[in-house]
Amino acid sequence: MSVSFQPVRGMRDLIGDEAQVFTTSIVKARQTAECYGFCEVITPHVEPLELLSAKSGEEIRQRMFIFKDLGGRQVALRPEFTASIARLVTTVLRNEPKPVRLFSVGTVYRYDEPQKGRYREFWQSNFELMGSARPEADAEIVLLTNNLMMSLGLEGYVFKVGHIGVIRGILSQDGVDEKTQNAVLQKMDKKDYAAALELVESKKSRAMLEGLIAIKGCNWRETVEQMQSYVADYPSAKGAVGNLGEILGLIGESADIDVKVDPAFARGLEYYTGMIFEVYVPQIDIALGGGGRYDRLIETFGGDPTPAVGCAQGIDRVAIALQSQKVSRAEKSVKKVSVIPITEALKPQALRIAQQLRFAGVAVEFEVMGRKMAKALEDADKRRVDYAVIVGERELKEGAVMLKDLASRQQSIIAVEKLVEKIKN
Ligand code: HAM
């Protein structure tokens, strides 16, 4: 019986151009990390379940790939990076001078219902800035996301911004316990406002939330001003709005970014304590990235009190956005060449020429199938190779090879030492 194996549901193979888009996005994320002073760390895909579930929230807890390893330990595939990075900062990096800026990229796992832009294995680039409670740290994270979106070539993207301290501030002052607050925020994250309000017993709090949901402004300044007067009797929520205004002021003064404030915005992750945001493009209605401030997570993991803010971009969704905006890949900077020996006996010389080209930064596919020249050239065409270098006995005796430009179909005899120059120019 023959079996046709498929990837596990919700997981994908990425091949050719599709893989290339991911690689390019990862390179851009890494360049952004470098540009903003972030140091890359690589952490395990598998972590203790306790760590991953501590403050992630019900939504993530329900969707983790959990298993017992052979030693009987309860472990899970990471559903995100933040918990792992927080673990680092409470252990090996505990004594690092603050701020600590850490970047990671890789696959994460959530048992979501598979659909376009929602997978069970997906890629994130992730940035965490730890040790500063100041608004400029929040601004840096938003500016960095803006920089990355721009460098990817995306256009028309919008930042949706809110502050979890506003909703929590209202609910706490009216005596709503933290567990109920978390449940309310989960519903608000899903925009199921009716269900969220139903969970709030305090009439005052319910009315306040209803009013908050209804606030709409023409621009972020106006929305923040409306929020400010709306929560005037709630000191903690008022402080949160003030903080949001400060962060947005810094962003507005340093970059031209399209920001929309959503006063009732909540995110599924439970660890957030301050400003939160997501970034969208008009073509697709799912977030390309998101993040926010989480000032108590590191403490919860046994570390010193360490305020922190971070974000992650979903590379699978970035790839969909790039495709929907028809952003073409950057021109190939490296020339691609096929090196084809005409006879078996010429293989060593042909391999030597292939190596010389590679050392000079030319990408070479060596003819490893022993095909006749016509077949090998046909194949080179299919593989979108720029040049074929045909190594023949007659030319080689003169220290030369035949160079065929596969786009123009022109060919000429070129001295081996002139080959790199000719191909590169
Ligand atoms: P998140 O919003 O859960 O945040 O995920 C970040 C991004 O990952 C999303 O905006 C989305 O692009 C992508 N994503 C999420 N779920 C899926 C899925 N099932 N399939 C494809 N892409 C998906 C976090 O993970 C936080 N750790 C971000 C953060 C870092 N906050 C502070 N520091």
Residue, farthest from the ligand (Cβ to nearest atom), within the range 269-283, restricted to residues that are in a strand (DSSP E or B) and within 14 Å of I320 (Cβ to Cβ): V281
Subset of the range 268-283 [surrounded by fewer than 24 Cβ atoms within 10 Å (Cβ to Cβ), at pLDDT 95 or above, within 19 Å of the chain's Cα centre (by Cα) and within 25 Å of A237 (Cβ to Cβ)]: E278
Single condition D258 does not satisfy, out of (1) closer than 30 Å to E121 by Cβ; (2) of a type in the set (D, E, K, R); (3) in contact (Cβ under 8 Å) with a residue 40 or more places away in the chain: (1)
All helices (runs of 4 or more DSSP H) inside the range 284-365 with 3 or more residues being more than 25 Å from the chain's Cα centre (by Cα) and at pLDDT 95 or above: 347-359
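From Q323, Q349, grab the single residue that is closer than 30 Å to I284 by Cβ, surrounded by 13 or more Cβ atoms within 10 Å (Cβ to Cβ) and of a type outside the set (D, E, K, R).
Q323 is the lone residue from the list that is closer than 30 Å to I284 by Cβ, surrounded by 13 or more Cβ atoms within 10 Å (Cβ to Cβ) and of a type outside the set (D, E, K, R).
For every residue, the table says whether it meets (1) in contact (Cβ under 8 Å) with a residue 12 or more places away in the chain; (2) farther than 21 Å from Q410 by Cα.
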{"site": "P348", "(1), (2)": "no, yes"}
{"site": "G361", "(1), (2)": "yes, yes"}
{"site": "F366", "(1), (2)": "yes, no"}
{"site": "K372", "(1), (2)": "no, no"}
{"site": "E378", "(1), (2)": "no, no"}
{"site": "R384", "(1), (2)": "yes, no"}
{"site": "A388", "(1), (2)": "yes, no"}
So V339, is it out of contact with any Lys or Arg (no Cβ under 7 Å at 6 or more places or on another chain), surrounded by 15 or more Cβ atoms within 10 Å (Cβ to Cβ) and closer than 30 Å to V27 by Cβ: yes
Which listed residue is surrounded by fewer than 17 Cβ atoms within 10 Å (Cβ to Cβ) and either basic (K, R) or not in a helix (DSSP H, G or I) (or both), from K187, K204: K204
Options G175, G106, G156, G131: the member that is in contact (Cβ under 8 Å) with a residue 24 or more places away in the chain, at positive phi and under 13 Å from the mean Cα position of the chain (by Cα): G106
Of all residues making up the range 74-130, the number that are over 18 Å from L52 (Cα atoms), more than 9 Å from the ligand (Cβ to nearest atom) and of a type in the set (K, R): 4
The one condition in (1) out of contact with any strand residue (DSSP E or B) (no Cβ under 8 Å at 6 or more places or on another chain); (2) over 30 Å from E225 (Cβ atoms); (3) among the β-branched types (V, I, T) that I170 fails to fulfil: (2)
Some residue of the range 307-325 being closer than 20 Å to G153 by Cβ and among the charged types (D, E, K, R): yes
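Could you check the range 131-151 and list, in sequence order, the residues that are of a type in the set (A, V, I, L, M) and within 13 Å of the ligand (Cβ to nearest atom)?
A137, I141, V142, L144, L148, M149
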Residue match in the range 66-80 (condition: in contact with a strand residue (DSSP E or B) (Cβ under 6 Å, 6 or more places away or on another chain), part of a helix (DSSP H, G or I) and crowded, with 21+ Cβ neighbours inside 10 Å): no
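The values are calculated or read from the model by the stated rules, or taken from the named source; none is laboratory data. The shown structure was predicted, so the numbers you read here are calculated from the model rather than taken from an experiment. Note that each Cβ is placed from the backbone with ideal geometry, even for glycine, and that neighbours are counted across all protein chains shown.
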